[in-house]
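Engineer: Shown below is the structure under consideration.
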Amino acid sequence: MHRLEMSAAAVVIAAGLLFGIDRALAPGPGRLAQGLSIGGLPVGGLAVDEARARVAELARRAAVTPLYLYSSRHRAHTRLQELGGVVDVGGAIAAAERATRKRSVGWFPSLRARWWPHPEQEIELPVHLRADQARRRLADLAAAVRVPPVNARLRLADGRLRPTPDRPGRELDADALVQRITHALRQPPGRDGLVASLEQTPDFHAWARTARPLLLNAPLRKVPAATTVADLAGIDTILATYSTSAGGSSRNRLHNLRLACQAINGALLRPGDIFSYNETVGPRNRAAGFRTAPVIIDGQLVPGTGGGVCQVSTTVYNAGLLADLQVVRRSHHTFPIHYAPAGRDATVAHGSLDLKLRNRLEHPIVLAATLDGARVTVRVYGHHADRRAVTLVRSGRRPIVWTRVVRQGDRIVRREVVSRDVYRLSRPVRPATPRRRQEGRPDAPAAPERPTPSPATVQAVAEHPASSVAR
C-alpha cells in the first residue's frame, strides 16, 4: 500500500513538473504560437499587437508595389491601391489567433510542440479588390488589347453575291482579370503559372518587402462577329435601291454623310428585327467625329454638329419603303427638302426623333449604305423569295399622302398609307455651301442637334407579308 502511494505521488509530481515546464514553454498571454506566418511574414511568438503592426506595414508596402499586366505586345502598369485593393489585416490576425488557440488544446501542448513541433503554418493574407474601381483603372489596357470582330460582308463576284468571311475579335476579360489579380496576391509567385516576378521571390512578404513588381498575364476572351457567314447564307439578291444627291454640299456635310453611311453599312436585320437609325448611327457629336454643317433649327438652316445626317435617314427610309419594310416610326421635316420628294423625307435627332423600320419579310436582310462622290445610295439585300413589286403613289397637297401598293403579278395584294404630312413651309431647302475662303476656318460653336419637325409621326400597321413574284 505504501509503495502504491509513493507511485501515485511520483506521478502527480511528474505531471506537475511537466505542466510547469509546459506553461514555461507556452507563449505568453497575447502572443501567437510558434511556426505561424501571415502572407510569408513570420509572426510566431510575437505579441498580437506587434504582429498586427508588422502585417499592416506589409500591407502598406504591397499597396504601392508595381503590378505589370501583360497581354501580347501590350503592358499596363498599376498598383494594388489604384485597383481599390484592400488588405484585410484584421482578418489575418484573427486567423492567427484561432490557430494559436487550436494548438493550445490537449495535454501539454507546449511540450508536444517542443519535441514534436507543428508543421509551419501559413495564414492567408486576404486581399480584396473593389471591382468597379479596378475595371476603371484597367480601361486603358482594355482599349489597347481590344481587337474588334470583323463582320461577314456581301460582295459581288462573277455576277453573284458572296459573303466574305467573318472573324472574331478579342477583348479583355475584366472580371477574370480582377479575380486573377486577387488570387495571385494571395498565392506564392509562380503558383498555377499565374504570377512570375522579375526575380524569384518566395512569398507575399518578400514581394512586398522588396517592392519587386509582379508580372501577370491578362486574360482575353473572344468576341464573336455580329454578322456571320451563316447569317448571310440565304441573301442572294438586291430587294431595293434608293439614291439621293448631295451635290453642292460642303466638305463637312459630306464628311457627316460618310460617317452615317459607314455606321449603317452592313446592318443585319433578321425577321422581326427593328432597325433604329439613332441606335445604329449613335450620337452626332464631335466625340464621334461629326463636324459642323447646316441643320434645321426652328425652320431655319443654322450651323450644327452632325448636319446632313437626315439625308442618310431619308435615303434609308425610301429604300425601306421599296423593300416593303414596315414603318414603325418616322417624322418629316418642317418644310420639304430638295433631295427627296415632299412627304418622302425622314428627319432624325438623337434622343428624340428616330427612324425605325421592321423587317417583316420571311428572311434576313442587310442594309448597304455608301457615299459615292456626292451621291448617297442605300441598298437592301435579301432572299429572292422576298422580292416585292412595290409602287409608291402620291395624292393630295395638304396633307401630302403617300400610299404603298404591293403587287403580285397583276394582282394588288396590299395597299397601305405610309405617310400623311403637312409642312409648315412649302419651299424646299438646300444645304448652304460655304464659300471657299471659309472652308479652312474652324468650325462654329455647335448648335444643338435639334431639327424642328412637325409633330406628325407615322405609325404604320403591321401586316403579314404577302408572297409575290420577282419583277
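Engineer: I need the full set of residues from segment 128-151 which are exposed (fewer than 15 other Cβ atoms within 10 Å of the Cβ), in contact with a strand residue (DSSP E or B) (Cβ under 7 Å, 6 or more places away or on another chain) and part of a loop (DSSP other than H, G, I, E, B), in order please.
Structural biologist: Arg146, Pro148
Engineer: A follow-up question, please. Do we have any residue at all in segment 207-218 that's modelled with pLDDT of 85 or more, over 22 Å from Asp166 (Cβ atoms) and over 33 Å from the mean Cα position of the chain (by Cα)? First the steps, then the outcome.
Structural biologist: Filtering segment 207-218 down to residues modelled with pLDDT of 85 or more leaves none.
The answer is no; no qualifying residue exists.
Engineer: Need pairs with beta-carbon distance below 7 Å; first residue within 23 Å of Asp88 (Cα to Cα) and in the same structural domain as Gly90 (by TED's automatic domain parsing) and within segment 127-143, second outside any helix (DSSP H, G or I) and among the polar types (S, T, N, Q); sequence gap 6+ or separate chains.
Structural biologist: Partner pairs satisfying both residue conditions: Arg137/Thr78.
Engineer: Which number in (1) in contact with a helix residue (DSSP H, G or I) (Cβ under 9 Å, 6 or more places away or on another chain); (2) at positive phi; (3) not acidic (Asp, Glu) marks the one condition that Val312 misses?
Structural biologist: So the condition that Val312 fails would be (2).
Engineer: Find the residue count for segment 397-423, including only residues that are in a strand (DSSP E or B), in contact (Cβ under 8 Å) with a residue 24 or more places away in the chain and surrounded by fewer than 18 Cβ atoms within 10 Å (Cβ to Cβ). Full working, then the answer.
Structural biologist: Step one: list which residues in segment 397-423 are in a strand (DSSP E or B), which gives 400-408, 411-421.
This time we only want the ones that are in contact (Cβ under 8 Å) with a residue 24 or more places away in the chain, so: 400-402, 404, 406-408, 413-414, 416, 418-421.
Remaining after also requiring surrounded by fewer than 18 Cβ atoms within 10 Å (Cβ to Cβ): 401, 408, 413-414, 416, 420.
Matching residues across segment 397-423 total 6.
Engineer: It is to be established whether one or more residues within segment 228-240 are at pLDDT 90 or above, buried (at least 16 other Cβ atoms within 10 Å of the Cβ) and within 23 Å of the chain's Cα centre (by Cα).
Structural biologist: Scanning segment 228-240 turns up no residue that is at pLDDT 90 or above, buried (at least 16 other Cβ atoms within 10 Å of the Cβ) and within 23 Å of the chain's Cα centre (by Cα).
Engineer: Starting from residues that are of a type in the set (Gly, Ala, Ser) and in contact with a Ser or Thr (Cβ under 8 Å, 6 or more places away or on another chain), keep the ones in segment 305-361 and report whichever is farthest from Arg286 (Cα to Cα).
Structural biologist: Gly343
Engineer: Sticking with this one: Where the second residue is hydrophobic (A, V, I, L, M, F, W, C) and surrounded by fewer than 21 Cβ atoms within 10 Å (Cβ to Cβ) and the first is over 20 Å from Asp324 (Cβ atoms) and free of Cβ contacts under 8 Å to residues at least 60 places away in the same chain and lies in segment 234-260, which pairs have Cβ atoms under 8 Å and are six or more apart or on separate chains?
Structural biologist: Within 8 Å, the pairs are Leu259/Ala288.
Engineer: Please give the number of the condition Asp192 fails out of (1) modelled with pLDDT of 70 or more; (2) on the phi > 0 side of the Ramachandran plot; (3) outside any loop (DSSP other than H, G, I, E, B).
Structural biologist: (1)
The values are calculated or read from the model by the stated rules, or taken from the named source; none is laboratory data. Worth saying up front: this structure is predicted, and the values here are computed from it rather than measured. Neighbour counts run over all protein chains shown; Cβ positions are idealised from the backbone, glycine included.
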